[in-house]
């Protein structure tokens, strides 16, 4: 199990950095989707099956769709974007910083013998029961959030009232 | 009746409701009815007289404590009424009746009348609260509360150019800051905040710092030397009613009260110690400096402002001596001060309103035109100088006594101050009353004078004719036996100083032919006639030196005035403004800067956690 | 107890049903009568809060647990909890929402239906946030508040509105990330995130990664809630967002949202971690910085609403100072200041709406001499200013007094002194505002300005009355609450 | 010894650094939401890691699902506001947004 997690973590980090540093927004969105999928793998391996499914379907599906529609709504030419923003040039420092911080963290942890350990035994509980029975407050919150999403689409994307 | 009122007030929250909240509410009422003159007058008289009755009730009742409303918490909000504070409350209440009467009549048709009355009443509520409170914290709180109405009033007339207001706020705020520091240190050294539990702290180390801070703060509030310079400025561009109420009465009452408490109870103040010398020196410098500035003023209100400052110097000398004579004299002097300075400011308001000018060079022959006012004016002047038979006499003599006992230099300073005051009053009085000016047409046509404004002036002037001085009120409040009368020899010396002033005036008048210029020889070359004559011929070598010295003296006075003004006008507000603008410019609207700030804040909290842990 | 249950559910269900009603009714009908619907919801909220308080007082309860939609199947897990403090917050929410509706009658011409929807979701978010008993649910409702606010600011799609909205959104998302990180670090050690299960026993003195992470969680959560509350140096979004929104929305944001989203979160943290020294010091440090910097920045602004927004930053600092003491007195002072701030800040924004309606501008350099033309507005703004600066006998005075006393009592005399000095700055910037707007010469183009009428005038008078009455009765209220053992 | 939980924690830190760095440095508005998403991925991972460590995986999944729903709605609102700005300014440069300052 640990091996899969290590490999996926490496991929996850690489995809995230690529998403941040890539020139083209389309590529960024795709890298983000890939990172999401990798995260889904990690969640699955850790035993969070439901969360993994939602992560893959919603994050790497829905959010990518939103991005791509937003990108296509803004009709800026690709070359212009690169000239204007030149993210790769401006962000060259990021990989260096990540490597330095990562090495520093590992050295610190090894030097002080710091590591995370499991605090309790695994409890067998059904996700659905927990979710529906004890997280009702969250469910109300979710419903309202989705409602706001609907209102937001109605308010922010509709064109007609601008013309008035 | 008074006793039952006192009984009523000393229970529960009645004290704070009737002494503090009631004036504030009356102020709001006055504001709401600002258009109805009669209603305003009735409310003002009723409320101030009610307050006077309450004050008398408190003063006749025995000493008591009361705690309001935060007793449930670990924090006590204590009030204590006893003889000294009752005396101050009564003084404040008496003056307040007259001030409100004067104010309502004065500002009859002024647009700012209602708002001004609101501020006045709020400040009066604050003064009451500060006088009553027995814990340093709540006293400080009420003290702070006085600042805002002060600032607001100064803005009223001159809200396009709030320089004076800002200067006042910085000056009073600075003295306030010192006071705050002093109170913090004092309550820290004493281990308690309750004034009645603090007794005779040692003036050394922390105590020394606390004492100096409190004294500077308290005296600065009343306008003592390093914090005085806003008063003449305010006299230029704030309503006369403000000068009557604030520098004339409320601030001085409050400041002197705290200074007196500090010297008497809070700290173990030893007469003749170094700190006493310092305070007396402060007082005498204030006295001489302000009196010297009086000589060159051509504006009635400015002159009276400097007069107020110099009289405060007397007071500070008396309190600073720490001797019984000095403290009794100081307290007497406070009562006199409140009466005559308030009265003088009121008269300056009447003159300004009636003739449309307050320039001495344009006014003359007033004795025939407004005789009643001028009689009061003369009574006030005589009282200020300390003429026998008037109120100022006893207090001045007691302070002379005390200063002679401390050091002869202070005595000379006091005499010099009296001399200068008398001379400048002669100059002003003669020029106002008797002289014929060349261009009387420059004076505006007399507007109709209001009899109502004269009422408080007459009452004050009758209070200034020595009626009460001898009956031991002050001694009773301080809890000491009646003190002995004054020494005859000192009276002679004092009279000599006054006479000298008269002679000097006559000399100067003859020389210049003009009352206003009578002091020119003092300003440019003081000294006896012989020195002056020789000096005129230019034979004497010391003459040039003398001229340089004296010229330098008045020059230094003016320079100092300007320097102090600069600090308050430019430096402090400028700094606040600059910091604000720098922060303003730092926020350039870029998102990345916002995010950097967020990261910076996170780092700040992390640092706090690392350091504390 | 049943009644209390109904009252508690009402706080969530009334706004929900209002959304339902709003969307099934005829659009034109709603456009015409939207204020009746929203005003009724706000009034009902206030009534429910007072009613619940009355019942809790009659039964001498200090808190009441309940769950919505019938009782939970697993006993012992109650999802919501109301107590006197949350009832005070709920009452404030109702009050400010009512004021917002009063203003919106005059200022909002289009998208009235969306305004109602978003106001109701915002109400659900705020009500939920002060009632939940679990840190994660707290976060969920925090985001409900946040998202509603973003949409409300951007609603009219003006340049400034969109700009303020996107700045708020980005910085607010950072806050969400911080808070969620903190939550996950805490739950690494405890299984549950409910307030009861988290305590100081989390912190052991051993040097291990878990303990470090708990401290990191505290830091992150302070930062997150400080962002939401607009504490310096996390404040930069606040004036932008509050200036750019419509005034009826600014009054919500400045009057209540920053207090629920930020201050209530910090209040919850204080209940859990209040005893830690470093926590208190960092709150006090942030508080005093924002008191001073907020006031300094307010002193050099030229936009009416921006001045008032920076004043909010400064006042939030006072509340933080009160919370930093960790003592009962300090917390009571902070909650009281939440109430009085809600009252006087709503008054000031109502004044802004009145001035904007009548003169068409909010740049204070273009105004002057409005005192004689708009007496009610001038009067109410003076009262609000006096209350802000802490002049007795108005409401702001007492709450500030409590905070300063708490600071003094907890040994922070220097901080108390600073807080008092900052009052001078407060009065300085407000006097500048008053001077430029209400005094001085009237410019040509404003010579025909008249007093505002209708709902805005009504709101001004109402809020002024609240400030005055609460100010006068404050000692009695405190004594009453204390005698009932509620504080 | 470092176990995979610790490494996961560190990778999460690095991802949050990458996300915040992206938000600060980039000029493109849509890139900012990508930064936010990257950081949110790390937080999702932390939540599940916490659930793995304390044994309550069901609870952790409930948290994660709620968080994801909120994340999506935030992305929608962000896209809406961004497109509104694009219509006003003609591009998506964050440097345009300095009308409100001071």
| Flag for residue C:109 being in a strand (DSSP E or B) and at pLDDT 85 or above | no
| request: Please give the number of the condition residue A:133 fails out of (1) facing another protein chain (nearest Cβ under 7 Å); (2) buried (at least 19 other Cβ atoms within 10 Å of the Cβ). | output: (2)
| said: I'm told residue A:21 meets every condition in (1) in contact (Cβ under 8 Å) with a residue 60 or more places away in the chain; (2) within 7 Å of chain D (Cβ to nearest Cβ); (3) crowded, with 19+ Cβ neighbours inside 10 Å except one. Can you identify the failing condition by its number? | reply: (2)
| message | Can you find, within segment C:422-433, the residue that is surrounded by the fewest Cβ atoms within 10 Å (Cβ to Cβ) among those that are at the interface with another protein chain (Cβ under 7 Å from one of its Cβ atoms) and either over 23 Å from the mean Cα position of the chain (by Cα) or modelled with pLDDT under 80 (or both)? | response | C:424
| task | Can you give me the number of residues within segment B:578-592 that are within 17 Å of residue C:294 (Cα to Cα), within 14 Å of chain D (Cβ to nearest Cβ) and assigned to a helix (DSSP H, G or I)? | result | 7
| task | Working only within segment B:357-374, note down all residues that are under 16 Å from residue B:462 (Cβ atoms) and either at pLDDT below 80 or under 24 Å from the mean Cα position of the chain (by Cα) (or both). | result | B:373, B:374
| message | So for segment C:29-40 (the condition being buried (at least 17 other Cβ atoms within 10 Å of the Cβ), without any contact (Cβ under 8 Å) to a residue 40 or more places away in the chain and assigned to a helix (DSSP H, G or I)), does at least one residue qualify? | response | no
| request: Of the numbered conditions (1) more than 30 Å from residue D:69 (Cβ to Cβ); (2) within 27 Å of the chain's Cα centre (by Cα); (3) not assigned by TED's automatic domain parsing to the domain that holds residue A:16, residue A:113 fails exactly one; give the number of that condition. | output: (2)
| query | Which of the following residues is in a helix (DSSP H, G or I), touching a helix residue (DSSP H, G or I) at 6+ places or on another chain (Cβ under 8 Å), buried (at least 23 other Cβ atoms within 10 Å of the Cβ) and away from every other protein chain (no Cβ under 11 Å): C:268, C:251? | reply | C:251
| query | Does segment B:235-246 contain any residue that is part of a helix (DSSP H, G or I) and farther than 21 Å from residue B:347 by Cβ? | reply | no
| request: Within segment D:14-35, count every residue that is more than 7 Å from chain A (Cβ to nearest Cβ) and either surrounded by fewer than 23 Cβ atoms within 10 Å (Cβ to Cβ) or under 12 Å from the mean Cα position of the chain (by Cα) (or both). | output: 7
| message | Filter segment B:443-468 down to the residues that are surrounded by fewer than 13 Cβ atoms within 10 Å (Cβ to Cβ) and either at pLDDT 80 or above or assigned to a helix (DSSP H, G or I) (or both) and list them by number. | response | B:451, B:462
| note | Per the list (1) in contact with a strand residue (DSSP E or B) (Cβ under 9 Å, 6 or more places away or on another chain); (2) farther than 26 Å from residue B:560 by Cβ, residue check on residue B:362 breaks on (1)
| Would you say residue B:555 is at pLDDT 65 or above, more than 10 Å from every other protein chain (Cβ to nearest Cβ), part of a helix (DSSP H, G or I) and surrounded by 12 or more Cβ atoms within 10 Å (Cβ to Cβ)? | no
| Scan of segment C:124-141 for residues that are under 15 Å from the mean Cα position of the chain (by Cα) and more than 9 Å from chain A (Cβ to nearest Cβ), ordered by number | C:126, C:127, C:129, C:130
| note | The number of residues in segment C:142-172 that are within 7 Å of another protein chain (Cβ to nearest Cβ) and either under 17 Å from residue D:23 (Cβ atoms) or touching a strand residue (DSSP E or B) at 6+ places or on another chain (Cβ under 9 Å) (or both) is 8
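Residues checked against (1) under 24 Å from residue C:89 (Cβ atoms); (2) within 14 Å of chain B (Cβ to nearest Cβ):
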residue	(1), (2)
C:326	yes, yes
C:333	yes, yes
C:340	yes, no
C:345	yes, no
C:369	no, yes
| What are the residues in segment C:50-69 that are in contact with a strand residue (DSSP E or B) (Cβ under 9 Å, 6 or more places away or on another chain) and part of a helix (DSSP H, G or I), if any? | C:52, C:55, C:56
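Looking at segment C:176-197, can you tell me whether even one residue there is in a helix (DSSP H, G or I), in contact with a strand residue (DSSP E or B) (Cβ under 7 Å, 6 or more places away or on another chain), farther than 20 Å from residue D:74 by Cβ and more than 7 Å from every other protein chain (Cβ to nearest Cβ)?
Taking every residue of segment C:176-197 in turn, none turns out to be in a helix (DSSP H, G or I), in contact with a strand residue (DSSP E or B) (Cβ under 7 Å, 6 or more places away or on another chain), farther than 20 Å from residue D:74 by Cβ and more than 7 Å from every other protein chain (Cβ to nearest Cβ).
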| message | If I filter segment C:221-236 for residues that are over 16 Å from residue C:313 (Cβ atoms) and either touching a strand residue (DSSP E or B) at 6+ places or on another chain (Cβ under 8 Å) or in contact (Cβ under 8 Å) with a residue 60 or more places away in the chain (or both), do I get at least one hit? | response | yes
| request: Among what's in segment B:122-167 and is facing another protein chain (nearest Cβ under 9 Å) and not in a helix (DSSP H, G or I), pick the residue that is modelled with the highest pLDDT. | output: B:162
| request: Return the total of residues in segment C:44-64 being buried (at least 16 other Cβ atoms within 10 Å of the Cβ), in contact (Cβ under 8 Å) with a residue 60 or more places away in the chain and over 23 Å from the mean Cα position of the chain (by Cα). | output: 1
| task | Determine whether segment D:67-87 contains at least one residue that is more than 7 Å from every other protein chain (Cβ to nearest Cβ) and within 19 Å of the chain's Cα centre (by Cα). | result | yes
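The values are calculated or read from the model by the stated rules, or taken from the named source; none is laboratory data. Only a predicted model underlies this, so the values are computations on that prediction, with no experimental measurement involved. Cβ sites come from the backbone with ideal geometry, for glycine too, and all protein chains shown count toward neighbours.
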